[in-house]
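See structure below.
Rule-based calculations on the coordinates, nothing more; no lab input. Since the structure is predicted, the reported quantities are computational estimates derived from the model, not experimental observations. In this analysis, Cβ positions are derived from the backbone assuming ideal geometry, glycine residues included, and neighbour counts consider all displayed protein chains.
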2 protein chains.
Amino acid sequence: MASIGFIGLGIMGKPMSKHLINAGHSLVVYDIVPAAVADVVAAGAQAASSCADVARRTDTVITMLPDSPDVQRVLAGPDGVFSGARKGALIIDMSSISPVVSRQLEQQAVALGFKILDAPVSGGERGAVEATLSIMVGGEPADFQQALPLFQIMGKTIVHVGSYGAGQVVKACNQVMVAMQMEAMAEALVLGTKAGVDPAKIIEVLTGGYAKCRVMEVRGPEILKRNFKPGFKVDFHYKDLNIAMATAAEYGVPLPGTALVRELFSAMRAAGRGGYDHSGIVTILEEMAKVEVKSPK
Amino acid sequence: MASIGFIGLGIMGKPMSKHLINAGHSLVVYDIVPAAVADVVAAGAQAASSCADVARRTDTVITMLPDSPDVQRVLAGPDGVFSGARKGALIIDMSSISPVVSRQLEQQAVALGFKILDAPVSGGERGAVEATLSIMVGGEPADFQQALPLFQIMGKTIVHVGSYGAGQVVKACNQVMVAMQMEAMAEALVLGTKAGVDPAKIIEVLTGGYAKCRVMEVRGPEILKRNFKPGFKVDFHYKDLNIAMATAAEYGVPLPGTALVRELFSAMRAAGRGGYDHSGIVTILEEMAKVEVKSPK
């Protein structure tokens with residue numbers, strides 16, 4: 001099997017890279033956290049000395065990083081991927097970042113003779129661990145076909161959504177929808193609880209009807225247990241909604257609901273709860289309504 | 001099988017009453033629209049001359065009506081159910097109405113010696129036709145047990161959610177959540193489409209991931225076909241959100257997202273589109289963003 005570079009071994013990147021190793025690929029990895037590198041090396045990867053070193057030793061480089069500046073630095077910075085990669089190398093950025101930054105990096109990559117895909121994912125840590133991620137891919141059809149066998153090792157729903165940048169656009173759409181569903185669930189549970197109904201009953205009925213959604217199935221029962229351990233942090237979702245709003249502003253699309261939920265995530269951060277799971281948005285509403293969503297004893 | 005009264009033979013009541021007939025119940029029905037009565041009589045029901053007449057001829061009366069004033073008139077008005085029913089009769093109101101009105105009617109019913117349940121449903125016309133409704137029932141446990149075999153003929157997810165009035169509360173929670181999901185879908189599709197992505201691809205990826213919800217599975221493809229035939233009308237959902245907001249105000253629960261979507265449904269009505277399916281809320285956003293959500297040719 002081909003040798004693959006993987007940069008970014010965090011909550012998402014670590015399980016994703018291990019799936020590639022387990023599928024038989026020879027992996028060359030890099031992360032700024034030595035313990036993360038050691039963990040993946042113990043699983044069979046080789047450590048590189050820099051991002052450029054990863055690129056020199058492989059023909060395909062995957063990046064899975066927290067935010068736009070990280071991807072900028074890893075690809076285009078000193079000792080970055082662009083400085084080490086061979087002409088014709090395939091770069092796959094699976095991070096969720098600004099479509100504007102993403103397009104700038106694409107232009108540089110193409111000018112330098114590289115192939116590049118944007119391929120952000122949905123499904124969170126669980127999706128990464130279980131290899132059931134949704135992967136939304138933008139780029140040239142031939143490059144998508146080349147990368148498809150790798151995507152199939154890491155995810156389940158893999159869709160070529162358009163030309164380069166379309167992946168980040170669809171990821172923004174995903175984050176818009178999930179954010180509003182979190183707020184929808186919060187409003188339903190707080191209203192029903194304060195009006196005297198056991199929220200466990202509300203979840204039971206609503207997930208059997210038209211309101212059925214994965215957000216409530218996965219996080220509704222955790223709210224009742226007062227478990228706000230992420231999952232996906234408010235801080236990251238706030239970042240993603242800022243990306244969505246900036247993209248919307250660029251294209252001339254008003255997003256009234258998204259703007260509202262962005263401000264409620266901002267309230268979570270102001271309250272020192274940026275590290276909560278995004279379902280923790282319910283706590284802002286609970287404080288306003290002076291009630292806690294939990295089942296009666 | 002017992003003789004059952006059924007009042008209100010509209011989009012929902014007609015298929016629901018026919019399921020009872022097909023299960024072997026002898027039905028006595030009433031509606032102000034003679035053609036609706038004729039249709040259900042052709043399926044095997046007997047026609048009554050008034051709501052009181054329905055109550056005189058049966059021990060269990062089901063009502064399925066559009067709004068609070070209708071239920072008030074049918075139960076407590078002249079020649080209404082209360083004036084015809086025997087002591088101990090069971091009245092089951094399956095309409096979605098104001099919890100305040102509903103509680104007033106309960107007090108009258110109890111004072112007159114009747115048993116009463118509130119049992120609003122979710123699932124829409126399709127749920128009624130396919131007998132897969134979610135039914136959220138409030139009232140005494142013994143009354144719930146008595147009515148359960150009837151509910152099982154009309155629905156699939158049947159939950160006793162609490163004492164009388166709890167059914168309407170949970171229905172309000174359901175409508176809050178579905179309304180915000182409609183707006184969430186609209187914002188995601190309009191953003192993605194205007195940013196150049198085929199909305200069919202967006203639906204494909206999002207329904208494979210964390211944003212997965214029945215609202216998008218059922219109505220997403222219809223939006224692409226520009227089909228806004230209800231389903232469930234904006235006018236009804238606007239009514240339901242007003243009920244939810246009034247209930248929230250009564251209990252002291254701020255609902256910022258619900259308030260926003262209520263105003264967007266109001267915009268639909270102002271635009272003369274109160275008869276659209278509630279997924280038609282996307283058209284308000286399309287007009288603001290100057291784009292139409294449809295796949296490229």
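Give me the net charge of A:Ser3's neighbourhood, meaning all other residues with Cβ under 13 Å from the Cβ of A:Ser3; Lys, Arg count +1, Asp, Glu -1.
Local net charge: +1.
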Original post:
What percentages, rounded to whole numbers, describe P(r) for the protein assembly as shown computed over all alpha carbon pairs with 10 Å bin width beginning at zero?
Top reply: 4, 17, 24, 21, 15, 10, 5, 3, 1
Subject >> Calculated on alpha-carbon atoms, Rg and Dmax of region B:184-232 in Å >> reply: 10.4, 30
Subject >> Above-threshold pairs, the threshold being 21 Å between Cα atoms, out of A:Lys18/A:Lys225; B:Lys14/B:Lys87; B:Lys201/B:Lys294; A:Lys201/B:Lys156; B:Lys233/B:Lys297; B:Lys225/B:Lys297 >> reply: A:Lys18/A:Lys225; B:Lys14/B:Lys87; B:Lys233/B:Lys297
Original post:
Regarding chain A, what is the average projected area of its C-alpha convex hull, in nm²?
Top reply: 16.3 nm²
Subject >> Per-selection Kirkwood Rh - region B:178-264 (Cα, Å, 1 d.p.) >> reply: 14.3 Å
Subject >> Potential lengthening between A:Ser49 and A:Arg103 on full extension [0.36 nm per residue; Cα-Cα distance subtracted] >> reply: 16.7 nm
Subject >> Label-point separation in nm, A:Asp79 to A:Lys156, each point 7 Å along Cα→Cβ >> reply: 4.0 nm
Original post:
In nm, one decimal, shortest first: how far is the label point of A:Pro221 (7 Å from Cα along Cα to beta carbon) from the matching points in the other copies?
Top reply: 3.0
Original post:
For region A:3-163, what's the relative contact order in percent, using C-alpha pairs closer than 8 Å and at least 6 residues apart?
Top reply: 20 percent
**OP:** In whole angstrom, note down how far apart the Cα centers of region B:179-249 and region A:63-117 are.
**Re:** 34 Å
Original post:
Mean 1/r over all different Cα pairs, inverted: what Kirkwood radius does region A:3-163 give, in Å?
Top reply: 15.2 Å
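Excluding B:Met288 itself, calculate the net charge of residues whose Cβ lies under 14 Å from the Cβ of B:Met288, where each Lys or Arg counts +1 and each Asp or Glu counts -1.
That works out to -4.
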**OP:** Write out the cysteines belonging to chain A for which the nearest other cysteine Cβ is not under 4.7 Å, or none if no such cysteine exists.
**Re:** A:Cys51, A:Cys173
**OP:** Measure nothing fancy, just the Cα-based angle from helix B:234-251's long axis to the longest principal axis of chain B, in degrees from 0 to 90, nearest 10.
**Re:** 80 degrees
Subject >> B from A by rotation - nearest chain A beta carbon to the axis, in Å >> reply: A:Cys213, 2
Original post:
Using only the Cα atoms, what convex hull volume per residue in Å³ does region A:78-163 have?
Top reply: 104 Å³
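What order do you get for B:178-189, B:223-234 when each peptide is scored by the mean count of other beta carbon atoms within 10 Å, highest first?
The peptides rank, most packed first, as B:178-189, B:223-234.
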Original post:
Averaged over peptide B:270-279, how many Cβ atoms belonging to another chain are found within 10 Å of each residue's Cβ?
Top reply: 0
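Using DSSP to call loops (not H, G, I, E or B), can you name the trypsin sites (Lys or Arg not before Pro) in region A:64-115 whose Cβ has at most 11 other Cβ atoms within 10 angstrom? Could the numbers behind the result be given before it?
On the way: sites: A:Arg73, A:Arg86, A:Lys87, A:Arg103, A:Lys115; in loops: A:Arg86, A:Lys87.
Here the trypsin sites (Lys or Arg not before Pro) that fit, given the DSSP loop and packing criteria, are A:Arg86, A:Lys87.
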Original post:
Each residue of region B:214-219 in turn: what ³J(HN,Hα) in whole Hz from Karplus with 6.51, -1.76, 1.60 and θ = phi - 60°, glycine and Pro shown as x?
Top reply: 5, 3, 6, 4, 7, 9
Subject >> Pseudo-label separations to other copies for A:Ala38 - Cα-to-Cβ vector, 7 Å, nm >> reply: 8.5
**OP:** Divide by every residue of chain A the summed helix terms, -39500 (n - 2.57) for each DSSP H run of at least 4, and state the resulting mean residue ellipticity at 222 nm, rounded to the nearest 500 deg cm²/dmol.
**Re:** -16500 deg cm²/dmol
**OP:** Could you work out how far helix B:13-22 tilts from the main Cα principal axis of chain B, as a 0 to 90 degree angle to the nearest 10?
**Re:** 60 degrees
Subject >> Overall Cα dimensions of region A:223-293 - principal axes, largest extent first, Å >> reply: 41, 24, 19
**OP:** Working from Cα positions, state the angle (0 to 90°, nearest 10) between the long axis of helix A:141-154 and the longest principal axis of chain A.
**Re:** 60 degrees
**OP:** Taking each label point as 7 Å beyond Cα in the direction of the beta carbon, state the distances from A:Arg126 to the same residue in the other copies, shortest first, in nm.
**Re:** 2.4
**OP:** Taking 7 Å along the Cα-to-C-beta vector as the label spot, tell me the A:Ala42-A:Lys229 distance in nanometres, rounded to one decimal.
**Re:** 1.9 nm
Subject >> Normalised alpha carbon radius of gyration of region A:1-91 [divisor 2.2 N^0.38 Å] >> reply: 0.96
**OP:** Rounded to the nearest 0.05, what FRET efficiency do B:Val33 and B:Ala267 give with R0 = 41 Å and r taken as the Cβ-Cβ distance? Could you check?
**Re:** 0.85
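Run through every distinct alpha carbon pair of region B:118-248 and return the Kirkwood hydrodynamic radius in angstroms, one decimal place.
It is 16.4 Å.
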